[in-house]
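Undergrad: Sharing a structure with you now.
Values quoted throughout were computed directly from the atomic coordinates according to the rules given, and no laboratory measurement underlies them. Bear in mind that the values here come from a model prediction, so they are computed numbers and not experimental data. Note: ideal-geometry Cβ built from the backbone for every residue, glycine included; neighbour counts use all protein chains shown.
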């Protein structure tokens, strides 16, 4: 069987995750990694690096481009550019801008006859799928999404701007007792701050007033003042040893009612040691789907809502029915 | 907007669940309930009951038939019969026979130009979807399926055959400590009996030897002897008050590895106060999908693996992208 030829655009944490995920999928091969940096600087011998400007030369040689840039500035430019030449998968996650992003990519991909699945990953992505599924099955009910335990980049940046702070990292932590109440059948009205704690690990500069730093952090508006926030002071060595990972995860729970007040609860959860490696693995599965749907003649923009799960698997429909149904 | 016209075949717990679920979905209307009993006996005035033998008269008047019979003898006969005239949804759950059932229904539905989604519900159904999804995303990993806490009909029947037992019910209960080990990242090799406890609630006949009953139950081969089994003796009133519900649920967990040994865990869980009402709600969502796919010209047999989630929802693709992605 011919392998699915994949290109990666962008070589940060997510791009490296995709590179690793492709190795776990024997029906795929990595053709080249496209970057805005000097390709020579990245060359490892094992993989081909190319400057993003020569991507056009790969038309017909790559079945799916997996776009690993950020949603703020990279993807709004790169997805439309690539969709005019290749099938693509991205993880565009600026929720408010998804409708216009979809329309733009859809128009370009229809024109080029290519297929783009936008906004894959886990939120948007797997969490979105579970929100849709649970609402469709239980029309009467309440949805809850919890995030974490995981690093929030924005909150970590906010900590680092506090005077006297040398380094720091912030974890968003779902409140376990609230999750247990929902699992037990309660449907409380909850603001995001009631569902999550904020836990900060801070390296203070030598001689800095730790109590003043703590006060500045916990009283910071928008970021921390509305939350139950804990600040731990640690050494630089501890930060390196214990806080370099990129764990994340969360829960989507729908608590609904059928018949005359019968409680039914659907829950989906992720516990991830590496957010970018997991997101990358989701994207690679959707790259397989994109390739198949494109071969079947589909074009334009799609989302995870439009992709049957059978297209995500390397197994045949017969195998899936026999082994997994 | 014209409503989706639904027929129900079979009026046991599942059929009654579908009747209730249709009321929660304003885009659907119940046309008639088909039964092998005398329709007059069931008539409530609110809903039309018909004998199953007149189903043919409803050709063109019903968009989707939801088949609520059992997998042992009803569905092997009713799904092929109905698929030759109507779009259908069923919850055929004899795992080993799914491939041949699929082939048979596929041939008939292709011939009639109708669409049949077989084996919906939650296992097979939502659990199958999650097994597929998690394997596609994490090719290296271990799968676990836990069932319960829920009533096992076969084990309850086995209890009732024990001399001196007047009535009884058996719950299959997942072992919480094992689930916690898996959530914590362990990937133990486990037999079904290591993942589940069996909890029995028994009403003894007057003067019966309770200790002898307990011994007979816990040492019963295949059913109980390999399991950690608890027997509680209760009164008939307690049985009626506390054990008439049909709760069920369970968990599908995949513990996988990305990159160089990075642990990633995907979990899906259900906690259901009524197994038949929940299964019915899943079937009704798939009936919506069947109607849409049929309108688009698809025919033959399909499974949950073939249905994009967008088809399950009454919302438009634009609404789904804006509200749920």
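Undergrad: Take every Cα pair under 8 Å in the range A:114-266 that's 6+ residues apart, average their separations, divide by the length, and report that relative contact order as a whole percent.
TA: In percent, rounded to a whole number, it is 31.
Undergrad: Would you mind estimating how fast the range A:188-282 diffuses translationally, via Stokes-Einstein at 20 °C and 1.002 mPa s with the Kirkwood radius over Cα pairs, in µm²/s?
TA: 127
Undergrad: Report the normalised scattering of the range B:223-325 as log10 I(q)/I(0) at q = 0.18, 0.20, 0.23 Å⁻¹, calculated by the Debye formula with identical scatterers on the alpha carbons.
TA: Calculated log10 I(q)/I(0) at the listed q: -1.09, -1.17, -1.27.
Undergrad: How big is the range A:6-93 by the Kirkwood estimate over distinct Cα pairs, in Å?
TA: That comes to 13.0 Å for the range A:6-93.
Undergrad: With the cut-off at 1.5 for a/c, could you classify the range B:80-205 from its C-alpha gyration tensor as rounded, prolate or oblate?
TA: Oblate, because a/c is 1.5 or more while a/b does not exceed b/c.
Undergrad: In addition: Based solely on C-alpha atoms, express the radius of gyration and the Dmax of chain A in angstrom.
TA: Answer for chain A, Rg first and Dmax second: 22.0, 67 Å.
Undergrad: For the range B:127-192, what is the per residue volume of the convex hull drawn over the alpha-carbon atoms, in cubic angstrom?
TA: Taking only Cα atoms, the range B:127-192 has a hull volume of 107 Å³ per residue.
Undergrad: While we're here: Using alpha-carbon pairs under 8 Å, 6+ residues apart, how would you state the relative contact order of the range A:55-122 in percent?
TA: Value for the range A:55-122: 34 percent.
Undergrad: Given a Förster distance of 22 angstrom, what is the FRET efficiency for residue A:153 paired with residue A:73, based on the Cβ-Cβ distance and rounded to 0.05?
TA: 0.90
Undergrad: Run the label-point distances for residue A:226 please: 7 Å along Cα to Cβ, every other copy, nanometres, shortest first.
TA: Ordered by increasing distance: 5.4 nm.
Undergrad: Assign one of three labels to the range A:232-281, namely rounded, prolate or oblate, based on the Cα gyration tensor with a ≥ b ≥ c the square roots of its eigenvalues; rounded applies when a/c is under 1.5, prolate when it is not and a/b is larger than b/c, and oblate otherwise.
TA: oblate
Undergrad: Provide the percentage of antiparallel DSSP beta bridges, counting only those with both residues in chain B; round to the nearest 5.
TA: Bridges in chain B are about 50 percent antiparallel.
Undergrad: Between the helical axis of B:13-23 and the dominant principal axis of chain B, each derived from Cα atoms, what acute angle in degrees is found, rounded to the nearest 10?
TA: Relative to chain B, helix B:13-23 is tipped by roughly 50 degrees.
Undergrad: Every other copy gets compared here: list the nm distances from the residue A:189 label point (7 Å along Cα to Cβ) to its counterparts, shortest first, one decimal.
TA: 5.4
Undergrad: Round to a whole angstrom and tell me the spacing of the C-alpha centers of the range A:2-17 and the range B:190-242.
TA: One Cα centre to the other: 55 Å.
Undergrad: So, one more: With a 10 Å Cβ neighbour count serving as the proxy for reagent exposure, in which order, fewest first, do A:146, A:86 appear?
TA: A:146, A:86
Undergrad: With a 10 Å Cβ neighbour count serving as the proxy for reagent exposure, in which order, fewest first, do A:288, A:321, A:37 appear?
TA: A:37, A:288, A:321
Undergrad: Could you work out the relative contact order of chain B? I mean the mean sequence separation of Cα pairs under 8 Å and 6+ apart, divided by the number of residues, in percent.
TA: 21
Undergrad: Kirkwood-based Rg over Rh for the protein assembly as shown (C-alpha set), two decimals?
TA: 1.00
Undergrad: Run lengths n ≥ 4 of DSSP H only: what is the helix-derived mean residue ellipticity at 222 nm for the protein assembly as shown, with -39500 (n - 2.57) per run over all residues, to the nearest 500?
TA: Dividing the helical sum by the residues of the protein assembly as shown leaves -10000 deg cm²/dmol.
Undergrad: Something else now. For the range B:16-167, what mean projected area does the convex hull of the alpha carbons give, in nm²?
TA: Dividing the Cα hull surface by four gives the mean projection, 13.4 nm².
Undergrad: Let me ask another. What full-extension length gain, to one decimal in nm, is calculated for residue B:180 and residue B:228 as 0.36 nm per residue of separation minus the Cα-Cα distance?
TA: 15.5 nm
Undergrad: A follow-up question, please. What are the distances, in nm and sorted shortest first, from the label point of residue B:99 to the label points of the same position in each other copy, with each label point placed 7 Å from Cα along the Cα-to-Cβ direction?
TA: 4.8
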